[in-house]
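Asks: What follows is a single structure, and I will ask about it in a moment.
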Ligand SMILES: [Zn+2]
């Protein structure tokens, strides 16, 4: 499945809301053969004006959406199309799924998607199987090129064509055993994981802050450093002036501790303090 959405300010949500304007989906059977496609244009109600970003990216004009269906109607059609068979939802990165959850919450006051039974992030799955530059996200068009999948007749950044491209990439790389590791049942834990926002820990006494995160050793003599004063938090980091218990060398230690869903990420940096040059002695001359 692929979605296009328009970001706008919502009075009701007291914040920014990503309103879905187009849904596209492609259904594959267990042998990765295409069964059918789904497409719906949605008439926006939060903002009828589309941002330039959306129009430039998708080519969708506000006028086209006037004939669209409501989000409620689109979801009813989609649910019918999915049917009662056991299905797995795939999206290219989980952003689309997050937006879908956001729209369900907004329009239906539901935190769970009723037809969703299990999910897999197609991008994460494909990225685990193809050589990709470290730290880079694999784009959908790029994946097609790398895998020699023809997509000339498809328009990128339109929901139905993007879903078709996703289907072709997944079909090409499908391996039942490897894929199984990426399957997530849509249970309570899944929604918790999906909506969890990592945050930087600000309180040094937080139970997630382990002693070891804040302990450093002298780069010269390898003895333990002791903080000269208490750790201070600012600019998303803990800072402390430290001194070696052996050779008295002085340092500044910087630590960032980030709480993620199932782990804590710690970034540490130790900088040696360059001793200030001694102030030149000033001799005050008397008047006389
Ligand atoms: Zn030392």
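Asks: Being under 23 Å from residue 17 (Cα atoms) and assigned by TED's automatic domain parsing to the domain that holds residue 34 is true for just one of 109, 117, 136. Which residue is that?
Replies: None of the others qualify; the one that does is 109.
Asks: I'd like to check something: does the range 189-211 contain any residue that is within 16 Å of the ligand (Cβ to nearest atom), assigned to a loop (DSSP other than H, G, I, E, B) and assigned by TED's automatic domain parsing to the domain that holds residue 253? Show your work before the answer.
Replies: In the first step, residues of the range 189-211 are kept if they are within 16 Å of the ligand (Cβ to nearest atom); the result is none.
Looking through the range 189-211, none of the residues is within 16 Å of the ligand (Cβ to nearest atom), assigned to a loop (DSSP other than H, G, I, E, B) and assigned by TED's automatic domain parsing to the domain that holds residue 253.
Asks: If you don't mind, there's one more thing I want to ask. Report yes if some residue within the range 72-81 is surrounded by 15 or more Cβ atoms within 10 Å (Cβ to Cβ) and in contact (Cβ under 8 Å) with a residue 60 or more places away in the chain; otherwise report no.
Replies: no
Asks: On to the next question. Among the candidates 124, 143, 120, single out the residue that is crowded, with 16+ Cβ neighbours inside 10 Å and more than 18 Å from residue 156 (Cβ to Cβ).
Replies: Working: 124 fails: crowded, with 16+ Cβ neighbours inside 10 Å; 143 fails: more than 18 Å from residue 156 (Cβ to Cβ).
Exactly one residue qualifies, and that residue is 120.
Asks: Looking only at the range 252-268, count every residue that is loosely packed, with under 15 Cβ neighbours inside 10 Å and farther than 14 Å from residue 241 by Cβ and tell me the total.
Replies: Count: 6.
Asks: Follow-up. Mind listing whichever residues of the range 212-224 are within 16 Å of the ligand (Cβ to nearest atom) and either loosely packed, with under 12 Cβ neighbours inside 10 Å or closer than 30 Å to residue 113 by Cβ (or both)?
Replies: 220, 222
Asks: Only one residue in 185, 227, 207 is farther than 30 Å from residue 40 by Cβ and exposed (fewer than 15 other Cβ atoms within 10 Å of the Cβ), so which one is that?
Replies: Of 185, 227, 207, the one residue that is farther than 30 Å from residue 40 by Cβ and exposed (fewer than 15 other Cβ atoms within 10 Å of the Cβ) is 207.
Asks: Here's something else I'd like to know. Does residue 90 qualify as being at pLDDT below 95 and outside any loop (DSSP other than H, G, I, E, B)?
Replies: no
Asks: Grab the strands (runs of 3 or more DSSP E) fully contained in the range 1-78, keeping just those with 3 or more residues being within 25 Å of the chain's Cα centre (by Cα).
Replies: Values: elements: 2-10, 15-28, 34-41.
The strands (runs of 3 or more DSSP E) meeting that bar are 2-10, 15-28.
Asks: Return the only residue of 61, 86 being exposed (fewer than 13 other Cβ atoms within 10 Å of the Cβ), within 29 Å of residue 128 (Cα to Cα) and assigned by TED's automatic domain parsing to the domain that holds residue 181.
Replies: None of the others qualify; the one that does is 86.
Asks: From the set of residues in the range 229-272 that are outside any strand (DSSP E or B) and closer than 30 Å to residue 192 by Cα, which is farthest from the ligand (Cβ to nearest atom)?
Replies: Only one residue fits best here, namely 261.
The values are calculated or read from the model by the stated rules, or taken from the named source; none is laboratory data. Quick caveat, the model's predicted, so the values are computed rather than measured. As a convention, Cβ positions derive from the backbone with ideal geometry for all residues, glycine included, and neighbour counts pool all protein chains shown.
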